[in-house]
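Read through the structure below, which is laid out as structure tokens, and then see the notes.
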Amino acid sequence: MVQDLLAARGIVVSHQTVRLWAEKFGRTFANEIHRRSSGRLGDKWHLDEAIVSIRGKKHWLWRAVDQDGFVLEVLVQSRRNAKAPKRLMRKLLKGQGRSPRVKITDKLRSCGVAKREIMPGG
């Protein structure tokens, strides 16, 4: 996509050049985006799970997203049990440093258990 944008302006670059730019500057851009967004993430978290197939084997994808669609945390496991949402919530609290105002789940019992144990009173 970068190559096409530059070509529209008359600048010709190769795939290799774009790849080298991504290696050189990609981490810096990602860190800057992360730095700007920290502290401004939403206080309404959506926690849900989905089944995904990886190499033909069933896995469970646990995901936390804020109200603006920013992905806060993702966890993929080969087992579906109460430990998964607990682990996800622990990682979230450690990474965000604060508990959300509102937690929206998909009404699974395992999510309820995790909410009571990890984030009591919330």
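Please indicate, with yes or no, whether at least one residue in segment 76-96 is crowded, with 16+ Cβ neighbours inside 10 Å, of a type in the set (Ser, Thr, Tyr) and either at pLDDT 80 or above or in contact with a Lys or Arg (Cβ under 8 Å, 6 or more places away or on another chain) (or both).
no
Given the criterion free of Cβ contacts under 8 Å to residues at least 40 places away in the same chain and touching a Phe, Trp or Tyr at 6+ places or on another chain (Cβ under 6 Å), identify the matching residue among Leu6, Leu75, Leu61. First the steps, then the outcome.
On the way: Leu6 fails: touching a Phe, Trp or Tyr at 6+ places or on another chain (Cβ under 6 Å); Leu61 fails: touching a Phe, Trp or Tyr at 6+ places or on another chain (Cβ under 6 Å).
Only one candidate qualifies: Leu75.
State all residues of segment 74-109 that are assigned to a loop (DSSP other than H, G, I, E, B) and over 16 Å from the mean Cα position of the chain (by Cα); if no residue qualifies, say none.
First, pick out the residues of segment 74-109 that are assigned to a loop (DSSP other than H, G, I, E, B): 78-82, 97-101, 105-108.
Answer for segment 74-109, where residues must be assigned to a loop (DSSP other than H, G, I, E, B) and over 16 Å from the mean Cα position of the chain (by Cα): Ser78, Arg79, Arg80, Asn81, Ala82, Arg98, Ser99, Arg101, Asp106, Lys107, Leu108.
The values are calculated or read from the model by the stated rules, or taken from the named source; none is laboratory data. Since this is a predicted model, take the numbers as computed values, not measurements. Cβ atoms come from the backbone with ideal geometry, glycine included; neighbour counts cover every protein chain shown.
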